[in-house]
Amino acid sequence: MYNDLMTHATAYTCTRRDLLRAAFGGTGSLLLAGILADLSRAEDPLAPRPPHFAPRAKHVIFLFMTGGVSHVDSFDPKPALVRDHGKTVTIHEWQGRPGKFSRHLKKPHWAFRPHGKSGTEVSDLFPHVAECVDDLCVIRSLKSDHTNHYEATLQMHTGSVSFARPSIGAWASYGLGTFNRNLPSFVVIAPHVPYAGDQTWGSDFLPGCHQGTRVVPGPVPIADMTRRVPPAVQDLDLRLLRRMNEAHLQGRGDAELNARVRSFETAAGMQTEAPEAFDVSRESDATLKLYGLPRGSTSGFAWQCLVARRLVERGVRFVELIDVGSANNWDAHGDMDTHAPLAKNVDRAIAGLLRDLKGRGLLDETLVVWTTEFGRTPFNEQPTAKGREHHHWAFSSWLAGGGVKRGIVYGSTDEYGIHVAENPVHVHDFHATILHLMGLDHERLTFRHAGRDFRLTDVHGRVVKEIIA
Amino acid sequence: MPYSAAFLLLPALVPGMDVSPAEIEFFEKDVRPLLVQRCQTCHGADKPKGGLRLTSRAALLEGGGSGPAAVPGKPNDSLLVKAIRHKDLPKMPPKERLPDRDIDVLTRWVQMGLPWPDSAGAATGKFEITPEQRRFWSFRPVKDSPPPVVKDTSWPLTPIDRFLLARLEAKGLRPAPVADKRTLIRRVTFDLTGLPPTPEEIDAFLGDDSPGAWEKVIDRLLPSPHYGERWGRHWLDLARYADTAGETADFPIPEAYKYRNYVIDSFNADKPYDEFLREQIAGDLLAGPSEKKAERVVATGYIAVARRFGFDPQNYHHLTIEDTIDTLGKSVLGLTLSCARCHDHKFDPVSRADYYALYGIFAGTRYPFPGSEEKNRPRDFVALGPNERAYAVAEGTPGNARIQLRGDPHQPGPEVPRRFPEILGGAALPPGAKGSGRLELAGWLTDAKNPLTARVMVNRLWQHHFGRGLVRTPNNFGKQGQPPTHPELLDWLAARFVEDGWSVKAMHRRILLSRAYQLTSGDDRGAALDPGNEGFGRFERRRLDAESIRDALLAVGGGLDRSQGGPHPFPPEKSWGFTQHNPFQAVYATDRRSVYLMTQRIRRHPFLALFDGADPNSSTAQRGVTTVPTQALFFLNNPFVHEQAGRFADRLLAEPGDDGRRVGRAYRLALGRAPTEEERGAAADYLRESAEALGAAGVPAAQRPRQAWAGLARVLFGSNEFVYVD
């Protein structure tokens, strides 16, 4: 409900405090106290800020599959690849080197079939997600600039292939702020660290409060969240601390000092609220079943997805879920069949998340993004090769909810899935579109650093208006 | 708040042009190189095919025999776009269709309306420095003006005060009063050493009523070995120092620490700044006594610690050189030189040729190879002795570099002779020079006539003493930076710096002995009149930086190991097999000062990252100050804080006397002052109530006193008074 306040910039003609007070009807909840306390900070970099225009999505859940998911084995059906399996094609570039290279076509390991009313074809690799295709906008024409994991992962998150830049979640936090100050604005749930390390969710030159707070699935999701002394002792600590700080403020009247006093209040709130947000034990059996999460488990992608919904419900702006780390991932050079267990790890959980969000009416205001750093080659040097190499010329991703058309396919690749044939969507365009759905103009969302204005999309990016509902 | 200035946005348009910066960048980065490489061979200035010149917007619109080459905003109606699509005749380029990306670029460019920056003129556009650019304040020679006359002649203690007061008086402002001695000794001790003063040091200063008491404190602190650990760290921020290489597997560099220690030792020795720079740029090439050789080789770690890129860094060496030039430009000259890698600098008079003239110097330098996923053994380190090596540079194969079109090393343009940037005199290598040019570069940078080197450094010294520089963009003295608030003072300081033989410690004394340094920070009236404190009419309260917070916790707790750090306990080289899939990552515990923590590029040290430590991936001029709840959680629950609090409790409990005396000692150690009567009462209440709460929680009676005292210690550590300096 509090999200609705942000829909129109005109809401800011009265003070945010008044609005929030009106919206909550003066309830004395801890959450409200946290919000009001923090909104009174004149220069709070995390206070909610008006978007550039009415947003379609208030939250993003960004599902990132590490290692490079094969498009021709998942969301981009290529009958010609099946037909011409083993035949040779000539490509004109290999790993950045121009030349003529002969390659053998390789058919997918999974059959494709149409699903839903839309009839969008999805392979048997993702049987559960396939059942949700009528809610998806599948993009089959993504492309990026680099063939290596590190650079491609960095680009999918920051737009840049080489240099550390702010992550898309940090940009969203910077552009829009957040509603619930008892939780971070940008949460990354990652059991392992992906390629490019924590630059992936870094804030770089943006204020540090916008960086992603990494959560490692398990009993202690955020560092230093667990009290090391009895609660009654901590209460005494906080009381004496507040008394000292109030005395210290006399004659100093400093916004930064005030902000730090409040940060302890928020931290105290986080100790209570964050564990609750990460605690799925009170979810119903039906919900757990929807995600495929065994009761009592605090790990696995199903847990990550369910916690993502709980965080969005609690006002977190941007949640990223990373399925696996820089080892044992989708990087199927050796054998495409290694995609199977990775897909099984995420498929049911993702479908559960989509259904759960929809059932609770949250899908309309939450954009779910499913992506990876690149696709995989539809061909190989050796005709007998079981795996596939990196392929950034064309790959697939999908969006759902948050103002995106449902049950459509956008863009296409050539008959073998080697190049984009129609409607290319560069990573910069992908980013511009996500920001647009959040009510942010990617050309206006800038930060001045080292003498110039920086953007997530650098000097590129086109909003793919064709996919917006 | 440090970020408020950052929200100022560039105007949408560059004055005098109707092309936006983004469009300029797009044109220069993507469009122009395409026109030059793929079109102008035939459609250039001389004898263009079909009468069509693609050398300026006007020429393009005028077109050739077949009419205008493009209709702005209408790619589908534009001949150029039709031709490059190869669907209709003519097909251009005739022999081979351009890659999709390039077709995309030109189509978008037509769609955008053919933005073509004025200053670019014809596509052969020559770079010229305008008289206005030459007159820009930072490129003019340093002007040594006498300190101005002030009305209140009793206030200034030193010439610095006269410069500051004259400006305050002109604005009708009065400086804040001088702070009390207790505030001053805490301020200057953290400032010079990054550590809190001990109660004994405070008492000595308070008890010294002689006129030279303040000067005595400064002269006691400057020779402290902890001074170099503090001020060396400021330089390490600028030099983007790290203990790992930053390529995709983030290989460890066990020898990097020698450069770190070199920097610390150099500050402690008050090495003249010009010599310090010469050693870092060309230490291996300097003539001098043989016992200096090893130290000077280690100094070139400044270049060697440049970031490596990719899984195969040798293929991205052009980016490592860019990182070198970027760091050199920002840290020494306050110029964003690397902006000129792909195109002439948009705002400052730095051309692409200037960039590649410097590039040639570093391309002729051999960088050490730290190891990478592809080739996981280090090589090309410099031997210091039979069993010792340094992560340092050496001469490579000298020669000029070619311009890289679009910044792409695979698209070579014309060769440029190695030289210094034109705006700074453009000095060239002497005829017959045989080396890389680093030795000459070291000379150009430290030439007393160079207008930037001294200005940039005195501004940094000022910045760290006062919280802000006279130039508030310490790494950018160019057009996009801020002009100095006190230009005459900046130049006066720069002139004194050179006159003092580039002595950094002499500059500290000049600044610290001023009255301006000794003002209070709490004057609200002054804050309202001069909110940005542009006049330096009061002192700026500051949060301790990450290192000082950790060091103060260790020092007050009593567990600080004050010895100098050596190498890190990295795994042995023969075991290295780091990959992008399993990159090197480690956090090594130590009780030494934070400057000795192992610093990684890909995964930042968790503590330093939490408290706004420097980003070791690029030159950091000024730390950010964020205030986030996860920092508060650190003070509440982090094991390190609890460990120091426990040590502090032990230290206090070992003191003779009663609890009241111990509370007094706790305040004096942690905050540098005695508690008030009210605070004594509150502390006593806390100790009693905490012991009760611990008892109620089942803590055995014998453990309660220590835990209660540790609780009091945590509260003191967490207080604003502990982490802020007035």
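The values are calculated or read from the model by the stated rules, or taken from the named source; none is laboratory data. Computed from a prediction, not measured in an experiment: that's the story for all the values here. So basically every Cβ, Gly included, is an ideal-geometry build from the backbone, and we count neighbours across all protein chains shown. Protein only, heavy atoms only, side chains kept; ligands, DNA and RNA dropped before computing areas. Shrake-Rupley method; radii C 1.70, N 1.55, O 1.52, S 1.80 Å.
Observations on the structure shown:
- Distant alpha-carbon pairs in the protein assembly as shown (separation over 39 angstrom), percent: 53 percent
- Evaluated at q = 0.11, 0.16, 0.19, 0.22 Å⁻¹: base-10 log I(q)/I(0), Debye formula over Cα of region A:121-242: -0.59, -1.00, -1.15, -1.20
- log10 of Debye I(q)/I(0), alpha-carbon scatterers only, for region B:34-78 at 0.14, 0.30 Å⁻¹: -0.29, -1.10
- Taken one residue at a time, the phi angles of region A:365-375 give Karplus couplings (6.51, -1.76, 1.60, θ = phi - 60°) of 10, 10, 8, 9, 10, 10, 7, 7, 7, 6, x Hz. Gly and Pro are set to x.
- Distance-filtered residues of region B:125-144 - backbone nitrogen under 16 Å, label point 7 angstrom along B:Ala448 Cα→Cβ: B:141-144
- Spatially proximal lysines relative to A:Lys87 (Cα-Cα < 18 Å; intrachain offsets below 8 disregarded): A:Lys78, A:Lys100, A:Lys106, A:Lys107, A:Lys386
- Assuming charge only on the beta carbon of Lys and Arg (+1) and of Asp and Glu (-1), the dipole of the protein assembly as shown about its Cα centre is about 1100 debye to the nearest 20.
- Folded to 0 to 90 degrees: helix A:30-39 orientation relative to chain A principal axis, Cα: 90 degrees
- Our estimate of slack between A:Ser284 and A:Ala469, defined as 0.36 nm per intervening residue step minus the Cα-Cα distance, is 63.3 nm.
- Dipole of region B:70-160, positive end: most advanced residue of B:Pro93, B:Val105, B:Pro146 [Cβ charges, Cα centre]: B:Pro93
- Accessible surface area normalised per residue over region B:576-726 is 35 Å², counting heavy atoms of protein chains with a 1.4 Å rolling probe.
- Equivalent ellipsoid semi-axes - Cα gyration tensor, region B:437-524, angstrom: 25, 16, 10
- Mean Cβ count within 10 Å, highest first, over the residues of peptides B:259-267, B:654-662: B:259-267, B:654-662
- Gyration tensor (alpha-carbon) shape descriptor, region B:259-408, a/c threshold 1.5: oblate
- Simple point charges give the picture: +1 on the Cβ of Lys and Arg, -1 on the Cβ of Asp and Glu, and for region B:610-724 a dipole about the Cα centre of about 280 debye.
- When A:Lys78, A:Lys344 are compared by accessible surface with a 1.4 Å probe, the order from highest to lowest is A:Lys344, A:Lys78.
- Note on B:Gln585/A:Glu276: beta-carbon distance plugged into 1/(1 + (r/R0)^6) with R0 of 22 Å gives a FRET efficiency of 0.10.
- Annotation: amide H of A:Leu142 within the under-5 Å range of A:Phe395, A:Ser397, A:Val425, sequence separation 5 or more or interchain, hydrogens built in the peptide plane.
- Averaged over the residues of A:442-450, the number of partner chain Cβ atoms lying within 10 Å of the residue Cβ comes to 4.
- Cut-off under 5 Å, modelled amide H: who pairs with B:Ala427 long-range: B:Phe420
- Averaged over the residues of B:633-644, the number of partner chain Cβ atoms lying within 10 Å of the residue Cβ comes to 5.
- Rg in Å to one decimal, and Dmax rounded to a whole Å, for region B:669-726 via C-alpha atoms: 12.9, 41
- Less than 5 angstrom separates the built amide H of B:Leu384 from those of B:Arg389, B:Ala390, all sequence-distant by 5 or more or on a different chain.
- Dimensionless Rg/Rh of region A:224-266 - Kirkwood Rh, Rg from C-alpha atoms: 1.05
- Alpha carbon convex hull of region B:485-553, volume per residue in cubic angstrom: 128 Å³
- Solvent-accessible area buried by pairing B with A, both sides, nearest 100 square angstrom, 1.4 angstrom probe: 6700 Å²
- Each peptide among A:385-397, A:194-206, A:280-292, A:367-379 gets the average number of other Cβ atoms lying within 10 Å of its residues, and from highest to lowest they stand as A:367-379, A:194-206, A:385-397, A:280-292.
- Net charge of the neighbourhood of B:Val498, taken over other residues with C-beta under 14 Å away and scored Lys/Arg +1, Asp/Glu -1, is -2.
- Taking every protein chain into account, the accessible area of region A:378-444 amounts to 32 square angstrom per residue (probe 1.4 Å).
- Peptide packing: for B:55-61, A:187-193, the average count of neighbouring Cβ atoms within 10 Å per residue gives the ranking A:187-193, B:55-61, highest mean first.
- Across B:Lys74/B:Lys330; A:Lys58/B:Lys87; A:Lys117/A:Lys143; B:Lys29/B:Lys330, pairs whose alpha-carbon gap is larger than 32 Å: B:Lys74/B:Lys330; A:Lys58/B:Lys87
- Accessible-area composition of the protein assembly as shown, carbon plus sulfur, in percent [1.4 Å probe]: 53 percent
- 3J(HN,Hα) couplings calculated from phi for region B:219-236 with the Karplus curve 6.51 cos²θ - 1.76 cosθ + 1.60 (θ = phi - 60°) are, in sequence order, 6, 7, 7, 4, x, 5, x, 6, 4, x, 5, 7, 7, x, 4, 4, 5, 4 Hz; Gly and Pro show x.
- From largest to smallest, the equivalent ellipsoid semi-axes obtained for region A:65-193 from the alpha-carbon gyration tensor read 33, 24, 11 Å.
- Converting phi to 3J(HN,Hα) with the Karplus coefficients 6.51, -1.76 and 1.60 and the offset θ = phi - 60°, region B:289-306 yields x, 5, 6, 8, 4, 4, 4, 6, 5, 4, 4, 6, x, 3, 7, 4, 6, 3 Hz in sequence order, with x at every glycine or proline.
- Relative intensity, log₁₀ I(q)/I(0), of chain B from a Debye sum that treats every alpha carbon as a point, q = 0.07, 0.09, 0.12 Å⁻¹: -0.59, -0.92, -1.38
- Nearest 10 degrees, 0 to 90: helix B:659-671 Cα axis against chain B principal axis: 20 degrees
- Lys, Arg +1 and Asp, Glu -1 on Cβ, resulting dipole of chain B about Cα centre, debye, nearest 20: 1320 debye
- Angle between chain B longest axis and helix B:317-328 axis [Cα atoms, degrees, rounded to 10]: 50 degrees
- Distance between modelled label sites at B:Asp104 and B:Lys74, nm, 7 Å Cα→Cβ extension: 2.6 nm
- Averaged over the residues of B:619-626, the number of partner chain Cβ atoms lying within 10 Å of the residue Cβ comes to 3.
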